[in-house]
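Single-structure report; data block below.
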Amino acid sequence: MKVIIVDDEVNIRESIRKYLGLEGIASEGAASGEDALALLEKESADAVILDLRLPGLSGQETLVEMRERGILTPVIMISAHGQIADAVAALKAGAGDYLVKPFDPAELLIKLKALVSNRRREERIEADARTRASGGGMLWKSAAMARLSEQIDRIARTDVTVLITGESGAGKEVAAREIHMRSAGAAEPFVAVNIGGIHEGLMESELFGHEKGSFTGAAARRQGLFELAGSGTIFLDEIGEMPVALQVKLLRVIQEKKLRRLGGTQDIPINARIISATNRNLEAFVREGRFREDLYYRLNVFRIALPPLRERPEDILPLADHLLTRLCARMGRQGLSLASEARAKLAAYSFPGNVRELQNILERALIYCEGGCIRGQDIDLHDPEALLRPPPPAALPTEPPTPPREAAPQEDAVPPVPAEPAPELPPAAAMPREAPPPPMPPAPPPPTGMPPAAAPPAESAPPPAEPPPAPESAPKSISEMEKEAILRALARCKGNRTQAAAELGISRKTLFNKMREWGEG
């Protein structure tokens, strides 16, 4: 903790500074409001002890100027004049607390620690609300990850900038969090930013903040994520997706340890460690002019190469057990475990999607699983047929017959759809009769020996307004099977898209996007 003491009386400044020093708190003195502002422009502080009566700018005017310049450091106002009106005015101006001289140094210390603690908690809450958060540390049994852990121990003792490389889903954010948790600033915020997930027009404001009125809709000043990180860690994931124009500003922040809010005129000191990550080849991006070479070398002070999950198969089952425990707690499924055949199936898989794919597979398995144990048949390793497993016939809703296509022959009567596949071909009388030739030539008749398209098995019949499925012997593409699975799930869930997405183990947004592709959105 570092504190700025602002008082025009030298003996008061020195007595407070010495007392704080006995408690292990670093401090620096300023004789006027102007001196205090100059100090705060150069370096960050955790709190300010500010006298109300000062030569030049008063304590209240100094506080107002701090806030105008975007310096949001917590302030304790002190005064030899115990006027209630002064205390009220100070608190309205933004002071966190108020003390009347002479005061007990122990009381000052209590208020100071409480104020700084509350400020840090507020910053962590806001940072968590504006960035993705994931729990859990690294788990490993492999030698490769043991070496990585040794690297992290070395890095954590320093404040160097780190670049983490590795495939998508390999756990780069987990490694960054591990560096943060083993560092001296573990109690400070960890702010994770997905650069690829922020709109280019909003990225500067999100990272560096903005002033009121700096653009349409900027109704108030807002701190950027770099400020919210405080003396902790800011993790810039997918750094290769940052626009070149913004790379220049990031380079300046790294070099000068200062930033300027969008629309602002004052530089704000920052003290957060920067960890970046990418699954791209940044060296190739530099050669192609898509990433600045000087920024690349600033970020790549210490590099960690995270191995993919397929290169450390010893870690698969420990990770699976850990992720399953977390998923069960989140989904309200306590006491589930992996059966031996499920464990063998996972251990033998190559996991092209790494740890993220392992988590998705376990999440789908929890949806399929009906007992107290996840079986081998509940583990879906991207097999399209697994999504097409029909429920028992009794669970299927009654569906109206499929209307004919625009160019299909007309029929006098549509035969009913049987609840089970017909054991043999329907009689010739059930075949539709030829209609007068339409403007376009009719579709060719089905191959000899195949059942009529009007009577497919009930469990593969799509809902109304969809074309009849291809004959059983005709090969289906993965996209066709995917569409059929989604339409069946929607039928079972009576059109509830959220419920259908949960049943299929996909996100609601993915289901909407698929339906828009088919013109069903």
Test set (1) open to solvent by less than 70 Å² (accessible area, probe 1.4 Å); (2) free of Cβ contacts under 8 Å to residues at least 40 places away in the same chain; (3) in a loop (DSSP other than H, G, I, E, B) - LEU346 fails condition number: (3)
Those residues of region 1-48 which are part of a strand (DSSP E or B) and of a type outside the set (Val, Ile, Thr), in sequence order: LYS2, ALA26, SER27, GLU28, GLY29, ALA30, ALA47
Which numbered condition THR216 misses (of (1) crowded, with 19+ Cβ neighbours inside 10 Å; (2) more than 19 Å from the chain's Cα centre (by Cα); (3) hydroxyl-bearing (Ser, Thr, Tyr)): (1)
Residue in region 80-92 that is within 26 Å of GLY264 (Cα to Cα) and among the hydrophobic types (A, V, I, L, M, F, W, C) present: yes
Residue identified as out of contact with any helix residue (DSSP H, G or I) (no Cβ under 8 Å at 6 or more places or on another chain) and of a type in the set (Val, Ile, Thr) among ILE16, ILE12, ILE4: ILE12
Residues being at pLDDT below 85 and of a type in the set (A, V, I, L, M, F, W, C) - total across region 88-102: 5
Residue list for region 480-521, filter: farther than 20 Å from GLU363 by Cα, without any contact (Cβ under 8 Å) to a residue 12 or more places away in the chain and of a type in the set (D, E, K, R): GLU480, ARG516, GLU517, GLU520
Which numbered condition ARG53 fails, given (1) assigned to a loop (DSSP other than H, G, I, E, B); (2) within 39 Å of the chain's Cα centre (by Cα); (3) of a type in the set (D, E, K, R): (2)
Tabulated pairs, region 79-107, first farther than 13 Å from GLU61 by Cα and assigned to a strand (DSSP E or B), second of a type outside the set (A, V, I, L, M, F, W, C) and modelled with pLDDT of 80 or more, C-beta under 6 angstrom, 6+ apart or interchain: ASP97/LYS111
Extreme residue, nearest to the chain's Cα centre (by Cα), among residues of region 480-505 that are open to solvent by 60 Å² or more (accessible area, probe 1.4 Å) and not charged (D, E, K, R): THR498
Qualifying residue in region 396-413 (condition: small (Gly, Ala, Ser), closer than 18 Å to GLU503 by Cβ, open to solvent by 20 Å² or more (accessible area, probe 1.4 Å) and at pLDDT below 85): no
Those residues of region 349-358 which are surrounded by fewer than 19 Cβ atoms within 10 Å (Cβ to Cβ) and assigned to a helix (DSSP H, G or I), in sequence order: ARG356, GLU357
Cβ pairs under 8 Å, 6+ apart, first in region 243-261 and touching a residue at least 24 places away in the same chain (Cβ under 8 Å) and among the polar types (S, T, N, Q), second assigned to a loop (DSSP other than H, G, I, E, B) and open to solvent by less than 70 Å² (accessible area, probe 1.4 Å): GLN247/PHE291
Residue, surrounded by the most Cβ atoms within 10 Å (Cβ to Cβ), within region 81-120, restricted to residues that are touching a strand residue (DSSP E or B) at 6+ places or on another chain (Cβ under 8 Å), among the hydrophobic types (A, V, I, L, M, F, W, C) and over 24 Å from GLY230 (Cα atoms): ALA90
In region 263-282, residue nearest to the chain's Cα centre (by Cα) [restricted to those that are polar (S, T, N, Q) and under 26 Å from GLU211 (Cα atoms)]: ASN271
When residues of region 263-289 are limited to those that are open to solvent by less than 50 Å² (accessible area, probe 1.4 Å), modelled with pLDDT under 90 and part of a loop (DSSP other than H, G, I, E, B), the one farthest from ASP159 (Cα to Cα): GLY264
Selection from region 163-198 of residues that are open to solvent by 10 Å² or more (accessible area, probe 1.4 Å), under 16 Å from LEU236 (Cβ atoms) and either out of contact with any Leu (no Cβ under 9 Å at 6 or more places or on another chain) or not in a loop (DSSP other than H, G, I, E, B) (or both): THR165, SER168, LYS172, GLU173, VAL174, ARG177, PHE190, ASN194, GLY196, GLY197
Qualifying residues in region 290-305 (those that are of a type in the set (A, V, I, L, M) and open to solvent by 10 Å² or more (accessible area, probe 1.4 Å)) - the one farthest from MET138 (Cα to Cα): VAL301
Candidates ILE49, ILE71, ILE78, filtered to the one that is surrounded by 20 or more Cβ atoms within 10 Å (Cβ to Cβ), among the aliphatic types (A, V, I, L, M) and at pLDDT below 85: ILE71
Members of region 1-24 found to be within 20 Å of GLY185 (Cα to Cα) and touching a residue at least 40 places away in the same chain (Cβ under 8 Å), listed by number: MET1, LYS2, VAL3, GLU23
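The values are calculated or read from the model by the stated rules, or taken from the named source; none is laboratory data. Quick caveat: nothing in here was measured; it's all calculated off a predicted structure. As a convention, Cβ positions derive from the backbone with ideal geometry for all residues, glycine included, and neighbour counts pool all protein chains shown. All accessible areas refer to the heavy atoms of the entire protein, side chains included, with ligands and DNA or RNA removed. Shrake-Rupley method; radii C 1.70, N 1.55, O 1.52, S 1.80 Å.
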